[in-house]
Amino acid sequence: MTSGEHPARLSIGVIGAGRVGAVLGAALARAGHRIQAAYAVSDESRERAAALLPGVPVKDVPDVIDGADLVLLAVPDDALPDLVRGLAATRTWQAGQIVVHTSGRYGADVLRPALAAHILPLAIHPAMTFTGTAIDLGRLEECAFGVTGPDALRPMAEALVVEMGGEPVWVAEGDRAAYHAALAHGSNHLVTLVAEAMDVLSAAGVEQPRRVLGPLVHAALDNALRMGDAALTGPVARGDVSTVATHLRELDRVSPEIRSTYVALARATAVRALESGRLAPTTAEPLLDALADPGRPDRGRPDPQEPRS
């Protein structure tokens, strides 16, 4: 098969039947491709493979690769370089194979050790969080996939993504780390933020914090995606130093760890509000001053009698 042809009816080997690998394998099977074998180590991975890839034999890595038109590498980021190098050293790769990894961190260069075997290298990363169940197959619809690889393979990569129901987004090799950092910051840290907010609501005696927080978070996320910095609201964006100082004192009592998160995000919010013109410099100064010393929960507006440098 040449690089310009539509990747139809491929024989695929899946290395890593984790949450991502098993789901993408199932999506490719749904598109008409044949999953010839999968590699799964843990009992959980084997159960996931049985559920999402029924009838697909579980084999050792060399046997999964042998005879496959496309090899899907769905392994942890830190394990990917050594795996690629090890398989190159043992001459396991086969000429003409499409080798696709799903890491967000790496582009196609991580597959460079396999190029001597004349493989076709691609990085295709789904920008989604996975449960490792059939629910994820529906979530792939309209999911963005960060794609990196040689220009000649771009049509092939985009066709594979479209077949899985996603939307291909081309990411340059040198921008791959920034791309992945943005996704991790926006999704993983959002989970931490929401979980911490629910903890504080529980500490405030709210019996069902998710019901109180849910509508607000959904609205805030929708506004942020549509409006960016224009969606900023609340005491920090208004420069309400007294309210922010009250929050700091209360969070210091409830959880100093969550207070630290609040301080970091409040400072970042204040800076963005200042730079976007939503917060006047004269208002931002006392606010940032109040947030400058996480060790003083009682700090609010600066004492007007205190000398300023």
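Any read-out appearing in this document is the output of simple, stated calculations on the displayed coordinates, not a laboratory observation. Keep in mind the model is a prediction, meaning the values are calculated, not measured. Please note: Cβ atoms are built from the backbone with ideal geometry, for glycine as well, and neighbour counts cover all protein chains shown.
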Quick note on Val64, Val84, Val58, Val162, ordering by fewest other C-beta atoms within 10 Å, gives Val162, Val58, Val84, Val64
One finds, for Asn188 and Arg30 with R0 = 35 angstrom and r their Cβ-Cβ distance, a FRET efficiency to the nearest 0.05 of 0.80
Diffusion coefficient in µm²/s returned for the stretch 11-171 by Stokes-Einstein, Kirkwood Rh over C-alpha pairs, 10 °C and 1.306 mPa s, is 104
For 132-142, 67-77, ranked highest to lowest by mean beta-carbon neighbours within 10 Å, the order is 67-77, 132-142
FRET efficiency (Met227, Trp170; Cβ distance; R0 30 Å; to 0.05) is 0.70
Within the chain, the percent of DSSP beta bridges that are antiparallel, given to the nearest 5, stands at 15
For the chain, longest principal axis from Cα atoms; helix 281-290 axis from its Cα atoms; angle between them, nearest 10 degrees, is 80
Pseudo-spin-label distance Thr243 to Arg46, built 7 Å along Cα→Cβ, given in nm, is 5.7
Dividing the mean separation of Cα pairs under 8 Å (6+ apart) by the residue count of the chain yields a relative contact order in percent of 12
Kirkwood-based Rg/Rh on the Cα set of the chain evaluates to 1.10
Taking a ≥ b ≥ c as the square roots of the Cα gyration tensor eigenvalues, with a/c under 1.5 meaning rounded and otherwise prolate when a/b beats b/c or oblate if not, the stretch 179-290 comes out oblate
Protection proxy (average C-beta count within 10 Å per residue), highest first, orders 110-118, 87-95 as 110-118, 87-95
Out of Gly234, Ala152, Leu287 - ranked by how far each Cα lies towards the positive end of the dipole of the chain, with unit charges on the beta-carbon of charged residues - the top one is Gly234
